[in-house]
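A short write-up of the structure that comes next.
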Amino acid sequence: MLYIGSHVGFNKNTQLLGSAKEALKYKANTFMFYTGAPQNTARSQIVDELTLEALQLLKENNIDYSKVIVHAPYIINLCNEEKFSFSVDFLTEELERVNQLGIKYLVLHPGSHVGLGIEKGIDNIVKGINMAFQNLGKTNNVTILLETMAGKGTEVGSNLDEIKKIIEGIEDKDHIGVCLDTCHLNDAGYDLNKFDEYLNEFDKTIGISKIGCIHINDSKNERSSHKDRHENIGYGTIPFDTLISIIYNERLKDIPRILETPYVDKLYAPYKQEIEMIRNKKFDDNLLDKIRIDNK
Ligand SMILES: [Zn+2]
């Protein structure tokens, strides 16, 4: 079964119910959201009544809630020593919120070492995640998925060796995994036309069973650019057929695929049409115009 969805909103008035309704509008069967604005710390109390209503709606639409993902805000940077205790506290609170929502996966950018060096950066990430898990103790049911990064600036986690080292340091091995991102892999230097070779390497170093989610994005930039700018599916530098073969790769079946592609003209969500195109497996070079027209 193909689990495909996109990034959706989450606001304080409708919470999970609003997110679920948005995903259904896109004919998605999974989705991902931030529990608040990713660049600030304002978060509202999770309202269980809204969660229960959302769960009912998802059930009526045969959507498997265990495939739904939360993305941690990128203000968390466990590498940065000046922000370390803030980041650990905020990650702890975020884990509490995700547990309260009953969601299994939290995607986390490993962090940027801001000049401390990769080794120190990795040590700090390991320490920070272990502390957050200890803060929750046995109440935690959430798995943190470390996202593969493009290697922009001083980002940690743009190759398998760095991800492997982080995982090795985590005490609670049952609650740590990986989220792949096709744009980031391309920008980090991996040739996605040879995705099965990448999976072989992944399996040898980390173990393929650790992959919990894939972000499906095209890239505005060439391979190895270390840029991280997402593009609509088929409109960037990664061949459409390559993305399709990753989406339908049998070795990763049952793992949610999440689109984080940009809004068209910064106004219109592309997800309904992109999901439809992916299901048809046929590139539509009029897709962006179609999205504009559909939204008029
Ligand atoms: Zn991400």
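So here's what we get for this one:
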read-out: Residue that is nearest to the chain's Cα centre (by Cα), among those in segment 104-141 that are assigned to a loop (DSSP other than H, G, I, E, B), touching a residue at least 24 places away in the same chain (Cβ under 8 Å) and more than 16 Å from the ligand (Cβ to nearest atom); value: Lys104
read-out: Pairs, first part of a loop (DSSP other than H, G, I, E, B) in segment 1-20, second of a type in the set (A, V, I, L, M, F, W, C), C-beta under 6 Å, six or more apart; value: Val8/Ala23; Val8/Phe31; Val8/Phe33; Phe10/Phe33
read-out: Boolean, Asp174 is surrounded by fewer than 19 Cβ atoms within 10 Å (Cβ to Cβ), at pLDDT 95 or above and part of a helix (DSSP H, G or I); value: yes
read-out: Segment 145-156 residues that are in contact (Cβ under 8 Å) with a residue 40 or more places away in the chain and under 16 Å from Gly117 (Cα atoms), paired with ones that are in a loop (DSSP other than H, G, I, E, B) and of a type in the set (A, V, I, L, M) (beta carbon under 7 Å, 6 or more apart); value: Thr154/Val114; Glu155/Met149
read-out: Meets criteria (more than 16 Å from the ligand (Cβ to nearest atom) and farther than 30 Å from Asn159 by Cβ) for Leu95; value: no
read-out: Candidate set from segment 80-103 (those that are among the β-branched types (Val, Ile, Thr) and assigned to a helix (DSSP H, G or I)); member that is surrounded by the most Cβ atoms within 10 Å (Cβ to Cβ); value: Val98
read-out: Test set (1) under 18 Å from Met32 (Cβ atoms); (2) of a type in the set (A, V, I, L, M, F, W, C); (3) more than 16 Å from the ligand (Cβ to nearest atom) - Cys183 fails condition number; value: (3)
read-out: Cβ pairs under 6 Å, 6+ apart, first in segment 256-284 and within 21 Å of Phe33 (Cβ to Cβ), second assigned to a loop (DSSP other than H, G, I, E, B) and within 16 Å of the ligand (Cβ to nearest atom); value: Glu260/Asn217; Thr261/Asn217; Pro270/Thr261
read-out: All positions within segment 61-72 that are assigned to a helix (DSSP H, G or I) and either over 19 Å from Tyr105 (Cα atoms) or basic (Lys, Arg) (or both); value: Lys67
read-out: Which numbered condition Gly111 misses (of (1) surrounded by fewer than 21 Cβ atoms within 10 Å (Cβ to Cβ); (2) at positive phi); value: (1)
read-out: Subset of segment 202-216 (residues that are of a type outside the set (Phe, Trp, Tyr) and either part of a helix (DSSP H, G or I) or more than 14 Å from the chain's Cα centre (by Cα) (or both)); value: Asp203, Lys204, Thr205, Ile206, Gly207, Ile208, Ser209, Lys210
read-out: Some residue of segment 51-60 being out of contact with any Ser or Thr (no Cβ under 6 Å at 6 or more places or on another chain) and in a loop (DSSP other than H, G, I, E, B); value: no
read-out: Unique match (being in a loop (DSSP other than H, G, I, E, B), polar (S, T, N, Q) and surrounded by 20 or more Cβ atoms within 10 Å (Cβ to Cβ)) among Thr41, Thr35; value: Thr35
read-out: Residue match in segment 187-201 (condition: under 18 Å from the mean Cα position of the chain (by Cα), within 16 Å of the ligand (Cβ to nearest atom), farther than 23 Å from Ser19 by Cα and assigned to a helix (DSSP H, G or I)); value: yes
read-out: Pair list, Cβ under 7 Å, 6 or more apart: segment 62-88 residue more than 21 Å from Leu116 (Cβ to Cβ) and more than 16 Å from the ligand (Cβ to nearest atom), other residue modelled with pLDDT of 95 or more and among the basic types (Lys, Arg); value: Ser66/Lys104
read-out: Output for segment 1-20, where each listed residue is under 13 Å from Glu53 (Cβ atoms) and touching a Leu at 6+ places or on another chain (Cβ under 7 Å); value: Thr14, Gln15, Leu16, Leu17, Ala20
read-out: Among the candidates Glu222, Glu162, residue that is in a helix (DSSP H, G or I), at pLDDT 95 or above and of a type in the set (Asp, Glu); value: Glu162
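The values are calculated or read from the model by the stated rules, or taken from the named source; none is laboratory data. The structure presented is a predicted model; accordingly, all values stated were derived computationally and were not measured. All Cβ positions, even for glycine, are placed from backbone atoms using ideal geometry, and neighbour counts span all protein chains on display.
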